[in-house]
Structure formats: structure tokens, C-alpha cells
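Read the structure below first, then the notes.
Read the figures in this text as sums done on the coordinates, not as results from a lab. Owing to the predicted nature of the structure, the values given are computational and were not obtained by experimental measurement. Note that we place each Cβ from the backbone using ideal geometry, even for glycine, and neighbour counts take in every protein chain shown.
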Amino acid sequence: MKTALRLENISVPGRLHALSLSVDAGKVVGLIGPNGSGKSTLLSVAAGLLPGAATGRVSWGTEPVSTIGVLERARRVAWVPQEARFEFGFTVRSVVAQGRYAHGDDGAGVDEALARFDLLAVSGRPVDRLSGGERQRVLLARAVATAAPLQLWDEPLASLDPRHGLELLALARSLARAGGTLVFSLHDLRLAQELDFLVLLEGGGLRAVGAPAEVLTPDRVRAVFGVESRLQSSLCLSLP
Amino acid sequence: MKTPPQGLVVAGFSLLLLLAVLSLSFGDVRLSPGQLIDGLLHRDEFAATILWQIRLPRLLVAALVGAALSGSGLVMQAYFRNSLASPGLLGVSAGGAAGAVVAIALGLASFSLFAVPFFATAGAFAATLVVLLLARRGASTERLLLAGVALNALLGAVTSYVLSAHTLTYERNAQVLFWLLGGLEDRSWEHVWMAAAVVPGALLLLPLGRPMDLLSLGAKEAQSLGVDVSRLRRWLLALSTVLTALATAVAGTVGFVGLIVPHILRLIVGPEHRRLVPLSLIGGAVFVVGCDLAGRAAGGLRLGIVTALVGGPFFLWQLGRSER
């Protein structure tokens, strides 16, 4: 199995402590943990975006990120922040097209990305007049438009409605089937249960990694999140 | 992909040319189109003296100052991700003025043509560094404006001190007052050469439009999309500071140009910097040449006063709108 992302002994003062992790290619990976456990920091570091404060080594595939140029990085990895503030009224389409910056602004795949995230109807709207969920979809569409094989998304489901959330999971699975790797943070443990692989963080360190059934044991969920968990039938949602 | 706004660039240049002709014709002595051509070609020595000694240098300085301040404002807005950032409000112009005033007070201005621009640049850079410390990138409007208020007051104190410490040398004080008011009176070819460095600065700015788009929506995002953010920021900061300093060195503190011109253009052509960079440079020149013309038509209002009369209300209106 090819490794898509490898973190070795990563430390960020006050946020992550000597964390090591490796993620296989072609997987949909969930990053879970209580608030402040270091999920966002981990994603930033994995994207190669915290060079100043972080120590340790990040590799994509077999290459250390530090040896990869800025433009090439953008072709290999896409990163989506939890929340974006848009000061200027760029149109939805032009923000999504920014995903092609590292490809010489060729505009390839922009329409597909807009369609996938249900944004064609609002493609001419300024992004500073969108709702939170629409903004999130714009950022995700921009990330997908980069066609980067490793996608790192920070709480992409946080402000999406149920249908867009399920569509995002379906898209993640299809990207993974095509050989891509998706790592995203989420709070919904029921959804996490359905992913290929889970990484559980606690207090800036790794608590458990593995298949969801191995990671989300009732004892561990109680210890880390302070909630009781049991499997039983409840409302199930799926795409028609 | 969108093409560069060639039509608008042509329209901007046409407007600039029209204002230039008006600016050259209008004054205490009115010149007809025929006299204008004869004067420029030295066929009419009287008109030639007026044009080549007085009006042409003034026109060129006005255009260069306008382009510099407007381009500088546009860059600061993208850098701070705040459409209310501009050289005047952030205190960078005041830094340039304080530097220029120190150079004049120390008597350095009479030694070298480049003393004033050099000191203005040093002052502007000092101000830029302080703004960076006070207001981090992506700073809120309140933080940026408060940093600007503090810095403008501090640098105003430096200028006031220089004024009060040199009250005995009347001639130098008159020069210092000139910087505080901002104006284009008695501009000579020396000033045109001083400001000529605006041209290479503007040319360096042109290719940075596209990465500025990405930076203006967030530094980390831009970095992840392939922009070398720290390098881009160094360039933007250096260019915007030097442009402001040069404008201040030749025309004193002229406010609001860097705020108002990019703002209006953003309303017309949208936020894409590939369009905004060339258009802001031309638009700034149009605005300042126009304001200078209006000031002269109003019986000799100084440039800084005219831009403030136009820009002050505009700024208040924008501030009200951004509250929304």
C-alpha cells in the first residue's frame, strides 16, 4: 500500500506533541477529537503551512515537503480552512478558478467543480454575500478544482445541510476510488463510523488510529469525549 | 479566462490625455490649441516657456503622484485584506512627510536632489514597520484605523517638533509647511526626475495582480494554492512604501487618493487585481490631474485640500456602508 502522507515527530508548541502518523493512499480518513485537541493544527502542518512554529518532518508520498517548491505543492495537496473571511466581492466562479493558479490558470475542471458542489446557479454571485454553507462549498470546490491527489479539509461538514453533507462524502469516496486521499476533521462520530480509517486526537497527541470499529470503542469514546455510546437503530440518511 | 481590460485602459489613457490638454491650456495665461502645439514645439517662445518651465513638469508630477498613491493604496488593501487601508490612513504618508521634513530642517535638501526622497522613503518604511507591528495581517478595520490614528499623531508630533525647533529659519519653515499641505506649486523638472522612479515601481507591480487576488482572500489559502506568500508580501510592502514615499517627497502629504481610486474602480470592474492594478495606476493619475485642475479653477486650492474635500466625505460614506 502506498503512503500518501507521513508525519514524523511533529511538534507545535502548545498544540501538538511529538506526533507521528502515516496515511495510506486511496483512503477516506476522518480526523476526530474534542475541541482544541489539535485537529486544525495537524491539517495545517500536513498541508505544509506552518513552517515557522512546527518541528518534525512532513512527507507526501516519499518526498519531504521541504524539498518541494511552492507551485508543485499546490498541485499535490489542497487544503480547506474551517472558515474563510472574504473581504472582496470576487465571484464564486473566480474563487473556484483560483484552484487552477498553480496550473497556469488554465480553468480546467472549474465547471465540473462548480456543478459537483451545486454552485452553478450562484457562480456569478460575489462570495462576500453568501451564507456560511455556500462559502464552505465554494472553498471545497476550489480545493477539488486543484485536482490535487491529497485533499485536507478542516471540518468540511460543519455548515453543510444533510444533502450537501452526504454528497460531499460520496464525492470523497469517488475521489478515493480514483486513487486520491482525503483527510478531514469532523465532529459527527456516527458519520466517522462510516469512513475507511480514523485518527483520534486528544490533547495534541495521537490517542488511537485504525478502522472505525477499533478506534471508536465505547470505553474510549467515554474517556475522550465524555459521552456514552452504543449501536442501535436510529434515523438513517442516504442519497436517493 | 478573462482578458485584460484593454478597452478600459484605452479609455483611461484617453481621459488622462484630455485632462492633460486642459491642464496645459488652463491657467493665468490661457493657451489656444494652436499655441499649445507651437509652444510644445518651441515655435512660440512665450508659450514654450509657460509649458516647458511650469505646466508640463506640474502635469507630469501630478500624474506620477496620482499613479503612485493609487497603486500603493490598492496594494495595501490586498495586503491587509481590508478595503479601507491606504497610505494616508495608515500613516505611511505621514512617515514619508516626517522624513522629508527632517531632511529639509537639517538642510540636507540643498545638498542633494535625492536627500528628500531618500529620507521620505526611510520615514515611510519606519511607518510601515510600525503598522505591521500594531496591526497584524487580515486585521480588522478598527485595529488598522486605530493603528493609523496613533501613528499619524506620533509622526505629526515629529513634524511639529521639527517646525518648532527651527522657527528661526523662515525659509525652511515655509518648505516644511509645504509638505504638510501637499501641493504641486512650483514643481520643476527636478521633481519630475525625483518622481520618475514611480514608473519602474509601477511596472514591477503589473505582474503581481494575479497573486494579489489570492492573497487578498487569505495568506494561508494563497500559500496552499501555490503563491509564495512571504516573497509576494515583501515585494508588495516594498513597492507600496516606495511609491508612497516618492509621491510624498515631491508633493507632500496628499490624502485619500489611495483609498478613493481603487474603491471606485472596484465598483466598476470588480475585485480582480489583474484589472485593478493597471487601472488604478491610470485612474490615480486621472484623479490627481483632475483634482489639480479643479483646484486651479477654484482659484488656487492646494492639491491636498482638494483631494481631502473629495475623499473625506467619500471615506465617511464607505465607513457607513461597511457597517451594514
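Points to keep in mind about this one:
- Charged neighbours of A:Ala172, selected by a Cβ distance under 13 Å, balance to +1 (K, R count +1; D, E count -1).
- Helical mean residue ellipticity (222 nm; -39500 (n - 2.57) per DSSP H run of 4+; nearest 500) of chain B: -24500 deg cm²/dmol
- For chain B, relative contact order (Cα pairs under 8 Å, six or more residues apart, normalised by length) works out to 30 percent.
- Placing +1 on the Cβ of every Lys and Arg and -1 on the Cβ of every Asp and Glu, with nothing else charged, gives the protein assembly as shown a dipole about its Cα centre of roughly 500 debye.
- Look at the stretch B:211-223: the mean tally of other chain Cβ atoms within 10 Å of its residues' Cβ atoms is 5.
- Here the range B:27-59 and the range A:174-240 have alpha carbon centers that stand 80 Å from each other.
- Taken about its Cα centre, the range A:39-109 carries a charge dipole of roughly 160 debye when the Cβ of each Lys and Arg holds +1 and the Cβ of each Asp and Glu holds -1.
- Local net charge near A:Leu19, Cβ-Cβ under 12 Å (Lys/Arg +1, Asp/Glu -1): +3
- Peptides ranked, highest mean first, by Cβ atoms within 10 Å: ranges A:150-157, B:111-118, B:258-265, A:111-118: B:258-265, A:150-157, A:111-118, B:111-118
- Cα gyration tensor shape of chain A, rounded if a/c is under 1.5, else prolate or oblate by comparing a/b with b/c: oblate
- For the range A:187-240, applying the loop criterion from DSSP together with a ceiling of 16 other beta carbons within 10 Å to the trypsin sites (Lys or Arg not before Pro) yields A:Arg230.
- Both numbers refer to the Cα atoms of the range A:1-62; Rg and Dmax are 11.4, 33 Å.
- For the range A:91-168 and the range A:19-33, distance of Cα centres in Å: 23
- The length gained by stretching the chain between A:Ala178 and A:Gln82 to full extension, at 0.36 nm per residue less their Cα-Cα distance, is 32.0 nm.
- Mean residue ellipticity (222 nm) of chain A, computed from DSSP H runs ≥ 4 via -39,500 (n - 2.57), nearest 500: -8500 deg cm²/dmol
- For chain B, built as a Gaussian network whose Cα springs stay under 10 Å, the top-fluctuating residue of B:Ser83, B:Ser23, B:Ser164: B:Ser164
- Taking chain A and dividing mean pair separation by its residue count, relative contact order in percent (alpha carbons under 8 Å, at least six apart): 27
- An ellipsoid equivalent to chain B, defined through the eigenvalues of its Cα gyration tensor, has semi-axes of 31, 25, 17 Å when rounded to whole angstrom and sorted largest first.
- Model label points for B:Trp193 and B:Gln318, set 7 angstrom from Cα along the Cα-to-Cβ axis, are 3.6 nm apart.
- Look at the stretch A:81-89: the mean tally of other chain Cβ atoms within 10 Å of its residues' Cβ atoms is 6.
- Reducing the range B:273-311 and the range B:232-262 to their Cα centroids gives an inter-centroid distance of 14 Å.
- In the range A:132-240, one over the average inverse separation of all distinct C-alpha pairs is 15.3 Å, which is the Kirkwood hydrodynamic radius.
- Chain A: antiparallel DSSP beta bridges as a percent of all, rounded to 5: 55
- Per-residue Cβ neighbour counts within 10 Å put B:Met212, B:Met76, A:Met1 in the sequence A:Met1, B:Met212, B:Met76, beginning with the fewest.
- Across the range A:87-219, C-alpha contacts under 8 Å between residues 6 or more apart give a mean separation that, scaled by the residue count, equals a relative contact order of 19 percent.
- Counted over the protein assembly as shown, the DSSP beta bridges are approximately 55% antiparallel.
- Cβ crowding within 10 Å averaged over residues, with B:280-293, B:87-100, B:27-40 ranked highest first: B:87-100, B:280-293, B:27-40
- Cβ neighbours within 10 Å from other chains - mean over B:284-293: 0
- Antiparallel content of DSSP bridges confined to the range A:101-240, in %, to 5: 55
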